[in-house]
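Inspection log for the structure reproduced underneath, given as structure tokens.
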């Protein structure tokens, strides 16, 4: 059973709570994928700058006494490799020494049940923020920690509870407190909830990572009309998710504006394996306003706007499969 200094515990909780609330503000404005520069700059807490990450994957800002604030996964690696069959994240140790201070810090976070932030790199320089996450397992044999996400409201409530604790009047706020062992029933409930939430986070990583990689490949243009407003662009699957070949990879994706994504899914627009666009005959025969003429009829027989890199262009075999579905609907 760990013994903790209550004054340090309350300070840690205050900083962590401020970080969580700052992240919430950024996500409300920018969405859940945030730029490296913003996270590195961080926020100011009681006159001190608090960055959220650094070049090191396990990061503790100077303002915190012992336990890291965040863990980070680089965009360079395939993130499925970081998840186990139980859908929980397997996060690698810093180096190979279990006694490295960063690994010790995460072990303390596990024993004290302290919430962290997880930053998942979706493309270079952009990170999806997930919080709170907890270290729920430690395996020195594989040099990994097991990480589970949880309900943000519960994470914030636990920090608020710590911040609100009264300090000892006889020891100037320094009062050794044993960290109580969790109740078995509560632990089982926590485990079930965290498995469910972490599974949902894993799916979100797929979706958001796919979107960011596709938009990057198409230089944030719609592949049909070249619209460049990022907030109006989607990453459309060529072969739908769940079908053979429907993986969330760039060659199975198209950057499409909202209109053309809906038309593509409704089989009103088809794309041939040679990257030529076709519009459904019934749309070509209709008479309506400028949106129909320019938005749909005007893209008939155009060539798709393509990524510069050939190995990121749409897979012709997947396009052929999708084009056959389009022809069946005519």
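Just so you know, all these numbers are worked out from the coordinates, no wet-lab data involved. The shown structure was predicted, so the numbers you read here are calculated from the model rather than taken from an experiment. All Cβ positions, glycine included, derive from the backbone under ideal geometry; neighbour counts span all protein chains shown.
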| task | Calculate the length of the line joining the C-alpha centroid of the stretch 240-295 to that of the stretch 24-67, in whole Å. | result | 40
| task | Determine the principal axes of the Cα atoms in the stretch 13-114, then give the extent along each, sorted from largest to smallest and rounded to whole angstroms. | result | 37, 30, 23
| message | Just to be sure I understand, if you calculate Rg/Rh (Cα atoms, Kirkwood Rh) for this structure, which of [x] 1.02; [y] 0.99; [z] 1.09 do you get? | response | [z]
| Say we join alpha carbon atoms closer than 10 Å with springs in a Gaussian network model of the chain; which of 164, 209, 105 then has the biggest fluctuation? | 164
| request: Choose one answer from 102, 234, 191: the residue with the largest mean-square fluctuation in a GNM of the chain with alpha-carbon springs under 10 Å. | output: 191
| Angle, helix 316-328 long axis vs. longest principal axis of the chain, Cα atoms, 0 to 90°, nearest 10? | 60
| message | Testing the spin-label approximation: label points 7 Å from Cα along Cα→Cβ at residue 203 and residue 104. State their distance in nm. | response | 4.1
| request: Can you put 309, 112 in order of Cβ neighbours within 10 angstrom, beginning with the fewest? | output: 309, 112
| Taking only Cα atoms, what is the 0 to 90° angle, nearest 10, from helix 6-30's long axis to the longest principal axis of the chain? | 10
| note | GNM of the chain, Cα pairs under 10 angstrom: of 122, 130, 269, the biggest fluctuation goes to 269
| field | Cα long-axis angle, helix 152-163 against the chain (0 to 90 degrees, to the nearest 10) | value | 20
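Please report 244, 150, 32, 288 as a ranked list, fewest other C-beta atoms within 10 angstrom at the top and most at the bottom. Spell out each step's value before the answer.
Working: 244 7, 150 22, 32 15, 288 11.
Ordered from fewest to most neighbouring Cβ atoms within 10 Å, 244, 150, 32, 288 come out as 244, 288, 32, 150.
Which of 291, 110 comes first, and how do the rest follow, when ranked by fewest Cβ neighbours within 10 Å?
On the way: 291 10, 110 18.
By the 10 Å Cβ count, ascending, the order reads 291, 110.
Helix-derived [θ] at 222 nm for the chain: sum -39500 (n - 2.57) over DSSP H runs of at least 4, divide by residue count, nearest 500?
Result for the chain, helices only: -11500 deg cm²/dmol.
Two decimals, Cα atoms only, Kirkwood Rh: what is Rg/Rh over the stretch 221-328? Don't skip to the end; give the middle numbers.
Working: Rg = 13.2 Å, Rh = 14.0 Å.
Using only Cα positions, Rg/Rh for the stretch 221-328 is 0.95.
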| note | Cα gyration tensor of the stretch 179-266 diagonalised, 5x eigenvalues square-rooted, in angstrom largest first, produces semi-axes 38, 14, 10
